[in-house]
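Nothing in this text is a laboratory measurement; each read-out follows from the coordinates by a stated rule. Remember, it's a predicted structure, so these values are computed and weren't measured experimentally. Cβ placement follows ideal geometry from the backbone for every residue including glycine, while neighbour counts extend to all protein chains displayed.
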Amino acid sequence: MCESCAKDYLHQSSSPKSSGSLPEGLSEATEEADDLVCPECGITFKEFRAHGRLGCPNDYLVFQSELVPLLENIHNETQHVGKVPKRAPNASQRQYRLVKLRTRLRAAVEEEMYEEAARLRDEIQTLERELEGETAPSPFEE
């Protein structure tokens, strides 16, 4: 998320008074989260909400319970997937696809979607065979 979007989102979530007050439990949870402090850089969650920037990589662990719902709400995902360069070798694109398929397989099993899991398993096996064929040693190499 870009800096301006983060500030807009955080500003909206930090000014509940404009749309009425928060329910009692949610208000207390927000106050507790605001008091969290990173032991590495000293930033508080309240400072993060105000400025839209974290202070160090450790903040992701310290503020994890607050950041995960925020990221899911904004991006519908908590893991950066990025883009694959168009000139990337086919093998690296297949490796990337294999990782994504395995993630989807784990999710399907956890959600007890066994037909989808079986389809993903078969797709993974096919892709693994293709990758093995590409990495097989040449008969001319020793």
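Per-structure values
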{"quantity": "Residue-span extension gain [Thr126 to Leu61] - 0.36 nm each, minus C-alpha spacing", "calculated": "19.7 nm"}
{"quantity": "Phi to ³J(HN,Hα) by Karplus 6.51 cos²θ - 1.76 cosθ + 1.60 over segment 59-67, Hz, x for Gly, Pro", "calculated": "4, 4, 7, 5, 9, 3, 5, 8, 6"}
{"quantity": "Label-point separation, Asn73 to Ala118 (7 Å along Cα→Cβ), nm", "calculated": "4.0 nm"}
{"quantity": "For segment 108-125, 3J(HN,Hα) per residue [Karplus equation, 6.51 cos²θ - 1.76 cosθ + 1.60, θ = phi - 60°, Hz, x = Gly/Pro]", "calculated": "5, 5, 4, 8, 6, 9, 5, 5, 5, 4, 5, 4, 5, 4, 5, 5, 5, 4"}
{"quantity": "Positive minus negative residues near Leu120 (Lys, Arg vs Asp, Glu; Cβ under 11 Å)", "calculated": "+2"}
{"quantity": "Cα-derived Rg to Rh of segment 90-135, Kirkwood definition", "calculated": "1.03"}
